[in-house]
Structure formats: structure tokens, C-alpha cells
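Rule-based calculations on the coordinates, nothing more; no lab input. This one's a predicted model, so the numbers in the text were calculated from it and none came from an experiment. Here the Cβ positions follow ideal geometry from the backbone for every residue, glycine too, while neighbour counts run over all protein chains shown.
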Amino acid sequence: MHPSEPVLRGSGETPTSPSLLANPLDFISEDHLRERQICTVIDGLATADALNRRSATAVLRFLNEELSVHLRDEAEDLFPLLARRCTQEDAIEGVIDRIRADQDAAMRLLPQVRAMLAGCLDSGVNLTAEERAVLSRFAGHVRRHLVAENAILLPIARARLTRADLRTLSEHMRRRRGLPDLAETTDAE
Ligand SMILES: [Fe+2]
């Protein structure tokens with residue numbers, strides 16, 4: 001046991017803590033852990049013999065409350081900042097295009113995934129084989145996006161984004177979640 005060791009990474013079992021928003025790239029990285037954990041839950045739903053209502057509810061809640069906000073953080077702020085700061089050698093545009101393609105594919109499946117899970121929860125009937133296949137495809141796209149982002153985009157972002165960029169990113173992510181700007185909370189004097 002190492003009681004003095006700081007807890008660096010969450011388990012992904014709960015929504016990412018807003019306290020990480022001061023370090024927006026850490027927040028996004030933590031969101032990816034959360035997505036990975038949810039993908040595992042989705043895989044479980046796609047293969048289980050009986051509907052696990054708790055799992056279905058957890059996934060539905062994540063889709064409704066967390067995923068769209070995360071994708072907007074990236075599409076509206078992180079990707080444009082990276083495009084502005086990166087050099088030709090970073091070859092970032094092709095990477096971003098591939099990530100966007102997976103995000104778009106996941107977003108196209110999202111209404112169907114939501115409706116399937118809500119329908120099963122309402123009726124108590126388990127998913128059909130076709131619905132399970134849709135769930136697996138959806139999890140595949142989500143996983144691919146986060147793997148590419150963790151391996152390529154986030155390390156480049158940590159190297160290239162300026163302090164001002166990170167401040168802007170943090171502010172926009174706070175606003176997107178209805179939280180006041182950090183400046184407003186520290187400008188008490
Ligand atoms: Fe992401």
C-alpha cells in the first residue's frame with residue numbers, strides 16, 4: 001500500500017470530475033478512460049443472455065449526458081486549436097480526418113442506440129441479434145476514436161498548445177457544462 005501516492009487516474013466508473021477542467025487535456029484524457037469503460041459495458045450488453053437493466057441505464061445516461069459534450073469539446077475547440085498550432089511535420093490533418101470519420105459514424109448510430117436501449121428498458125425485452133450488432137459497431141467506432149486521440153492527438157496537444165490555448169479550452173469546456181469561468185470565481189478582490 002502506498003497511502004501517500006496521488007490518485008492519478010480514475011476508474012472511468014463515474015463521470016469525469018469537473019475539478020479536472022483546470023487542466024483540460026487531463027479532463028479529456030480522463031473522459032477517454034470513461035468512454036473505454038462504457039464501451040466494455042456496451043460489449044457486455046451486446047453479449048449477455050439477459051438484459052442487465054443497470055448497465056443499460058448507465059450507458060443511456062452516459063450517451064445523454066456526457067458523450068455529446070465530449071465530442072463538442074473536441075470538434076469545436078481541441079481540433080481547431082491543434083490545426084492552428086501544429087506544423088506540417090505533425091501531419092495532424094489526416095489524423096483528425098480519420099478521428100472525425102469515426103466520431104461521425106458513432107453519432108449516426110447514436111439515435112438508434114439510444115432508442116434500442118430505452119425500448120428494452122421500457123419493455124423489459126432483451127436486445128435482438130441485429131440490435132446487438134449495432135451496439136458492437138457503435139462501441140468499435142467510439143473505441144477507435146479514443147485510441148487514436150490518446151496515442152497521437154493528446155501527446156501533440158500537450159507539446160504544441162500554449163498556456164493561452166489551454167485557458168481558452170478550459171473556459172469553453174466549463175461554459176459548455178454551465179460552469180462559471182475560473183476568472184469569475186477567483187476575481188473576488
Ligand atoms: Fe475524444
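Quick test of the membrane-span-like rule: which DSSP H helices of the chain reach at least 15 Å along their long axis (C-alpha atoms) with mean Kyte hydropathy at least -0.5?
24-47, 92-123, 129-148
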Suppose each label sits 7 Å from its Cα in the direction of the beta carbon; what would the residue 53-residue 98 distance come out to in nanometres?
4.3
Cβ density ranking, 10 Å radius, fewest first, applied to 92, 42 yields 92, 42
So, in nm, how far is label residue 168 from label residue 40 when the simple model puts each one 7 Å beyond its Cα toward the Cβ?
3.7
Which of the trypsin sites (Lys or Arg not before Pro) across the stretch 116-189 are loop residues per DSSP, with 14 or fewer other Cβ within 10 Å?
177
Choose one of 99, 44, 109: the residue whose Cα lies farthest towards the positive end of the charge dipole of the stretch 1-111 (beta-carbon charges +1 Lys, Arg; -1 Asp, Glu; about the Cα centre).
44
Could you compute the FRET efficiency for residue 112 and residue 76, with r as their C-beta to C-beta distance and R0 at 30 Å, rounded to 0.05?
0.80
Specify the inter-centroid distance of the stretch 104-121 and the stretch 129-157, based on alpha-carbon positions, in whole Å.
15
Give me the three principal axis extents of the stretch 23-180 from the C-alpha atoms, as integers in angstrom, largest value leading.
51, 35, 21
